1. Of everything in region 226-250 that's among the β-branched types (Val, Ile, Thr) and modelled with pLDDT under 95, which residue is nearest to GLN272 (Cα to Cα)?
2. List every residue pair whose Cβ atoms lie under 9 Å apart, where the two residues are 6 or more positions apart in sequence or sit on different chains, the first residue falls within region 138-153 and is in the same structural domain as ALA128 (by TED's automatic domain parsing), and the second residue, located anywhere, is charged (D, E, K, R) and in a helix (DSSP H, G or I).
3. Among all residue pairs at least 6 apart or on different chains, which show Cβ distances below 7 Å where the first residue, located in region 158-174, is over 10 Å from ALA118 (Cβ atoms) and the second is among the polar types (S, T, N, Q) and not in a helix (DSSP H, G or I)?
4. Would you say VAL176 is buried (at least 21 other Cβ atoms within 10 Å of the Cβ) and either in the same structural domain as LYS245 (by TED's automatic domain parsing) or not hydroxyl-bearing (Ser, Thr, Tyr) (or both)?
5. Mind checking which residues of region 82-97 are out of contact with any Lys or Arg (no Cβ under 7 Å at 6 or more places or on another chain) and within 22 Å of GLY9 (Cα to Cα)?
6. Any idea which of ALA193, ALA152, ALA169 is at pLDDT 95 or above, surrounded by fewer than 23 Cβ atoms within 10 Å (Cβ to Cβ), under 16 Å from the mean Cα position of the chain (by Cα) and not aromatic (Phe, Trp, Tyr)?
7. Are any residues in region 196-215 buried (at least 20 other Cβ atoms within 10 Å of the Cβ) and in contact (Cβ under 8 Å) with a residue 24 or more places away in the chain, and if so, which ones?
8. Can you confirm whether TYR218 is surrounded by 19 or more Cβ atoms within 10 Å (Cβ to Cβ) and of a type in the set (Ser, Thr, Tyr)?
Amino acid sequence: MKIGFIGLGNMGAPMAHNLLKAGHAVNVFDLNAQAVQALVDAGAKAAASPQAAVTDVECVITMLPAAAHVRSVLTADDGIFAGIARGVTIIDSSTIDPVSVKAFAELAQQHGNSFVDAPVSGGTGGAAAGTLTFMVGGSASAFEQVKPVLAAMGKNIVHCGDTGTGQVAKICNNLVLGITMAGVAEAMSLGEALGIDAKVLGGIINTSTGRCWSSDTYNPMPGVIETAPSTRGYTGGFGTDLMLKDLGLATDAAKAARQPVYLGALAQQLYQTMSSKGAGRLDFSAVIKLYRQDGKDGGAS
């Protein structure tokens, strides 16, 4: 297929690379010229604007930081709606709120296009390996249409329901992730303070009832999991500010639904503290820095 891809960040770039590896022709657009050049070197075609990126394509994928960016890319004078042909499906893999998704879907329908929300889980490693989970919101026919494209970038393609439910699944998943990471950070820091070896404690948790992804794959204590961001200075992972954004989406959605999220609100404050201390670019597992004693990694930067 000929695909327009807009948004070449830490997740979008490797996703676009996998589309190229699968044999698709890909037009790319991003404000980061270096990111665009890296894709061009891999075989993509650079576009001067979102409008140019979606001209004469069969599918459009956006991977952007927030709903405001998606709206701008869609509706700008040189945006998607200015260049897209009728009948072309737009897949948005950004993590945004369900209300915005439904509004964008209505705008797309007015232009004669389908709009599918397909946020992802699996991190930068999953994006590079092509093993992402896609949580897809849209009609059954739209899901069947986009599934082959998503399969070039992910391993698990799940139809969650109508438009917006993909985002519901994503924010609920990341609500769990933010809470469990804080819990693992708390437990690992307590163990350290009480004198147990971190690797021993991590091994016990990871073979016991406390086992979770935040511990057995992404443990926040340096040295416990050699491939985790904590072992490389909390770099190259999922940023604290991104987790803070996702928890904000969850708490906002909960407010609209009149649904309590006690632990989610507390977790949001923990990551907000990290961000306010200047650690927003560090991987979110750096939340353990709020717990560890001075001299052991207690600072946020």
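The values are calculated or read from the model by the stated rules, or taken from the named source; none is laboratory data. Values in this document were obtained by computation on a predicted structure and should not be read as measured data. Glycine gets a Cβ as well: all are built from the backbone with ideal geometry, and neighbour counts include every protein chain shown.
1. THR235
2. Short answer, once both residue conditions are applied: ALA152/LYS21.
3. Pairs that qualify, where the first residue is over 10 Å from ALA118 (Cβ atoms) and the partner is among the polar types (S, T, N, Q) and not in a helix (DSSP H, G or I), are ASN173/SER121.
4. Taking the combined requirement at face value, the residue does not satisfy it.
5. Scanning region 82-97 gives THR89, ILE90, ILE91, ASP92, SER93, SER94, ILE96, ASP97.
6. Only one candidate qualifies: ALA169.
7. Correct list: SER214, SER215.
8. Yes; evaluated as a whole, the condition is true for this residue.
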